[in-house]
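Below is one structure; the comments refer to it alone.
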Amino acid sequence: MITTDFLSKNKNKLINAGIIVAAVFVSLYLYAMQSQQIITLEESKNQEVQKSEVIDSLNLAEKRIGVYKNTFTRKDLSLVIGDMTEIAKDTKVKVISVKPGIEQPYPDYIKSSFLIVVNVPDYHALGQFISKLENHKDMFFVEDVNISTFSDSREEGTSKSGLDINLKISSITCL
């Protein structure tokens with residue numbers, strides 16, 4: 001009896017408590033679902049950020065490749081010989097002959113060679129010439145050097161001596 005009296009007196013309170021308990025369970029369930037969705041969205045966001053970083057690094061690499069392609073563009077033979085002649089004048093080197101060598105095609109580039117004969121007064125001038133060639137913007141590579149000495153005593157009492165140098169110089173051109 002006491003329980004039925006208690007229930008009849010507190011019927012509204014019990015219904016309200018039941019509704020509150022049900023609301024708490026529903027809100028906890030919704031909170032758990034929303035938390036899971038937020039975690040999923042954060043993981044998706046992190047993946048997209050990583051993809052964006054990869055795309056940015058690819059764009060940067062593509063720009064670098066473009067710069068290198070511009071550096072290694074195909075040059076006119078007369079311009080290449082003119083550049084070598086200018087470098088020779090700057091370093092007191094006398095160009096005796098320039099002979100184009102064989103072009104060697106590779107999958108991504110072409111390697112052009114030049115056989116050049118120069119006359120230098122000393123090893124210092126040779127070093128300067130090779131250094132300026134290899135540091136030139138057109139990127140020359142000295143692959144082979146043959147050195148021999150010469151002595152010219154045509155005039156009486158004077159003699160000139162120096163070095164005759166045979167060089168194999170290569171240039172790279174991207175396709």
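No lab work stands behind these numbers, since they all come straight from the coordinates. Computed from a prediction, not measured in an experiment: that's the story for all the values here. A quick note on method: Cβ atoms are made from the backbone with ideal geometry, for glycine too, and the neighbour counts reach across all protein chains shown.
So the values come out like this:
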read-out	value
The chain: calculated mean residue ellipticity at 222 nm from DSSP helix runs of at least 4, using -39500 (n - 2.57)	-19000 deg cm²/dmol
Acute angle (nearest 10 degrees) that the helix 123-134 long axis makes with the longest principal axis of the chain, alpha-carbon atoms	40
Selection from Ser27, Val142, Ser112, by position along the positive dipole direction of the chain (Cβ)	Ser27
Principal-axis tilt of helix 11-71 within the chain, Cα atoms, nearest 10 degrees	10
The range 2-70: proportion of alpha-carbon pairs further apart than 21 angstrom, %	64
Longest exposed-site-free window of the chain, the sites being GluC sites (Glu not before Pro) in a DSSP loop that have at most 15 other C-beta atoms within 10 Å	1-102
R0 of 41 Å, Cβ-Cβ distance Gln104-Ile38: FRET efficiency to nearest 0.05	0.10
Listed pairs Lys94/Lys137; Lys99/Lys168; Lys99/Lys132; Lys111/Lys132; Lys94/Lys132 exceeding 18 Å between Cα atoms	Lys94/Lys137; Lys99/Lys132; Lys111/Lys132
Distance between modelled label sites at Arg64 and Ser27, nm, 7 Å Cα→Cβ extension	5.5
